[in-house]
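No lab work stands behind these numbers, since they all come straight from the coordinates. Fair warning: this is a prediction, and the values are worked out from it, not measured in the lab. Don't worry about glycine lacking a Cβ; one is built from the backbone with ideal geometry, like all the others, and counts go over all protein chains shown.
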Amino acid sequence: MNIKQFSELTQVSAHTLRYYEKIGLLKQVNRTANGHRSFTAKDIDWVGFIKRLKEMGMELKKIQQYADLREQGDSTSEQRKQLLEEHVVVVENRIEVEARNLDKIKQKIQYYNKIIKN
């Protein structure tokens with residue numbers, strides 16, 4: 001599929017896809033005879049994973065590191081797993097902080113509910 005179709009399917013702009021290719025997140029993108037990018041189902045899965053990592057707050061530099069390891073094959077599985085485990089700790093810590101903040105906001109809402117009812 002071409003970049004426009006791929007962009008629509010992945011909900012990632014063509015500009016961003018080109019950037020991902022430039023910085024090495026999308027490696028070995030197939031090209032048609034006339035030089036246009038041609039994406040595959042495997043590319044869809046990979047971009048979906050990149051999006052998930054970004055949504056979870058992983059820095060682009062870390063995603064690039066993961067992509068480089070991924071390109072090297074199964075021999076880097078332990079290193080990739082370690083990168084993901086490290087990020088899980090970061091996300092879990094952020095969730096704890098957000099949960100505490102949410103509790104405080106809910107307490108403040110309850111406080112205002114009492115004031116408003118009186």
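Using R0 = 41 Å, the C-beta based FRET efficiency linking K81 and N113 works out to 0.30.
Add +1 for every Lys or Arg and -1 for every Asp or Glu among the other residues with Cβ under 13 Å from the Cβ of A99, and state the total. Net local charge, A99 excluded: 0. Maximal additional length on extending the V97-E8 stretch stands at 28.6 nm, based on 0.36 nm per residue less the C-alpha distance. Fraction of C-alpha pairs exceeding 25 angstrom in the chain: 43 percent, rounded to a whole number. For the peptides 37-43, 63-69, 104-110, residues were scored by their other Cβ atoms within 10 Å and the scores averaged per peptide; the highest-first order is 63-69, 37-43, 104-110.
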